[in-house]
Structures are given as structure tokens and as C-alpha cells.
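Here, each number is a calculation from the coordinates, and none is a lab measurement. Owing to the predicted nature of the structure, the values given are computational and were not obtained by experimental measurement. In this analysis, Cβ positions are derived from the backbone assuming ideal geometry, glycine residues included, and neighbour counts consider all displayed protein chains.
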Ligand code: HEM
């Protein structure tokens, strides 16, 4: 890979944070799903034994939350709503067909990725709050039974919603060829940037044309 011909999309520290979070997320999600139905029980083998899964699930949940706080700090500036996002929504047919004939004024992340970003951040916050409420033996005794019941429902619904969002996110990441490479190596091709994030690409070009800046 000739890095001079590629564009840096995601820095090492952000990639490391993302993939570490993905590992922890899968362990937490699989152990959480194992408690929904008896036929899912085998999934808690992800932590070795059912007892270990019961102990470690909440601790790993907190690790997922903290890693997402880190990603929030790194990425929030690219995920704020902008007027140009409307162009993406209005041209959904072109977006879904994967055509690149008309520039859609897409910044570093498109409007769909921004919605997903806020969905992930909202749901993980709900999971943390409801998770603390139902965390036996440490915090649950501090709350009333009706509060714990509500916490259990919120935790289950938010968990399923987050798992579905993540499945959609991973599917789209594989569907858009070149995205995974960006999150693994950090680099994307110029044509990838131009096709999928045209406004971001133009901003990079205008920055690099200033004296002393590398393209
Ligand atoms: C196998 C699972 C996953 C794959 C293949 C994957 C892949 C990716 C890729 C390729 C990107 C970069 C997109 C781009 O450069 O345009 C990305 C970004 C991101 N991913 Fe994942 N991811 C996975 C799981 C997760 C999980 C579990 C979460 C959180 C619960 C997550 C949260 C994020 C966030 C917050 C970003 C930054 C996007 C933004 O700022 O809008 N990912 N992911």
C-alpha cells in the first residue's frame, strides 16, 4: 500500500479504541442474549462459565461504555447535524443504488452514519443507567423493586435495539467496499473519499493546497 496515494481517515488510537470496544461489545452482547431464553444459554460460554458471565457482563459493559465515551470525544465534531445533511436524505434513491453521478455534499460522515452515531451513544447511556439500577449485589439493593423492574425492561429493550443497530452498522461497513480497510489500516483511496465523502475530500484538498501542508 502506497500511503502517499492514500488518505488518512482514522488514526491508530481511534482504530484501536473501536476494535477493542467491538471485542468487548460482542462478549457483553452474547452473554446478555444468553439470559433471554433457555435455548440461548450456551452463548454465555463467551466468558467461560455461566457464573463468570454473570459476574463479568456488567464490568465489561462499563468498559464498552468508557470506550464509547472515548470514541464520542474523538468523533463528535464530525457527527454534528449540518444543513448539507438534507441533501443526503433527499437523494436516498441515489445513495441506496450506490451511484455517484451527483455530489451529495457529504462531510467526513454521512447523515445516516450521524444518526447511527447518536443512536449508539443514546442507547449505551440508557444501558449504563439501567444496568447500574439492576446490578446485584452492588447497586440494586439501593433501589425499590418497581424501579428495578423498570430498569430490567429498559435494559433489555435498549440492549436489543443496540444489537440491531450494530448489525446494520457492520452490514453497511462490509457493503461499502473500502470502509473496513479504512478502519483496519486507517487509510482509504482518493476515489473512495471522493465517491463517498465528497465535501470531506474537497476540504482535505483545500487544506493540503496551503503551503507547508502534506496532501
Ligand atoms: C463487526 C462489527 C463492526 C464493524 C465491521 C465496524 C466497522 C466500522 C467501520 C468500517 C467504521 C468506519 C466508517 C467510515 O470510515 O466511514 C466504523 C466506525 C464506527 N463504529 Fe464500527 N464496526 C463494528 C462494530 C461497532 C460497534 C459494536 C460499535 C458500537 C457499539 C461501533 C461504533 C462505531 C462508531 C461510533 C464509529 C464512528 C462513526 C461515526 O463517527 O459516525 N462499531 N465501524
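Some values worked out for this structure:
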quantity: Any chance residue 122 is within 16 Å of the ligand (Cβ to nearest atom) and closer than 30 Å to residue 203 by Cα; calculated: yes
quantity: Selected residue [within 16 Å of the ligand (Cβ to nearest atom), closer than 15 Å to residue 58 by Cα and assigned to a helix (DSSP H, G or I)] from 112, 131, 151; calculated: 131
quantity: Members of the range 179-192 that are buried (at least 16 other Cβ atoms within 10 Å of the Cβ) and near the ligand (Cβ under 9 Å from one of its atoms); calculated: 179, 181, 182, 183, 188
quantity: Residue in the range 167-178 that is nearest to the ligand (Cβ to nearest atom), counting only those that are in a helix (DSSP H, G or I) and touching a helix residue (DSSP H, G or I) at 6+ places or on another chain (Cβ under 7 Å); calculated: 173
quantity: Filter result for residue 199 (within 18 Å of residue 79 (Cβ to Cβ), out of contact with any helix residue (DSSP H, G or I) (no Cβ under 9 Å at 6 or more places or on another chain), more than 10 Å from the ligand (Cβ to nearest atom) and in a helix (DSSP H, G or I)); calculated: yes
quantity: Enumeration of residues in the range 79-93 that are in contact with a helix residue (DSSP H, G or I) (Cβ under 7 Å, 6 or more places away or on another chain) and either within 11 Å of the ligand (Cβ to nearest atom) or under 23 Å from residue 191 (Cα atoms) (or both); calculated: 79, 84, 85, 88, 89
quantity: Filter result for residue 45 (without any contact (Cβ under 8 Å) to a residue 12 or more places away in the chain, out of contact with any strand residue (DSSP E or B) (no Cβ under 8 Å at 6 or more places or on another chain) and within 14 Å of the ligand (Cβ to nearest atom)); calculated: no
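Yes/no matrix, rows are residues, columns are (1) in contact with a helix residue (DSSP H, G or I) (Cβ under 8 Å, 6 or more places away or on another chain); (2) in a loop (DSSP other than H, G, I, E, B); (3) within 20 Å of residue 157 (Cβ to Cβ); (4) within 16 Å of the ligand (Cβ to nearest atom):
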{"residue": "51", "(1), (2), (3), (4)": "no, no, no, no"}
{"residue": "58", "(1), (2), (3), (4)": "yes, no, yes, no"}
{"residue": "77", "(1), (2), (3), (4)": "no, no, no, yes"}
{"residue": "95", "(1), (2), (3), (4)": "yes, no, no, yes"}
{"residue": "104", "(1), (2), (3), (4)": "yes, yes, no, yes"}
{"residue": "107", "(1), (2), (3), (4)": "yes, yes, no, yes"}
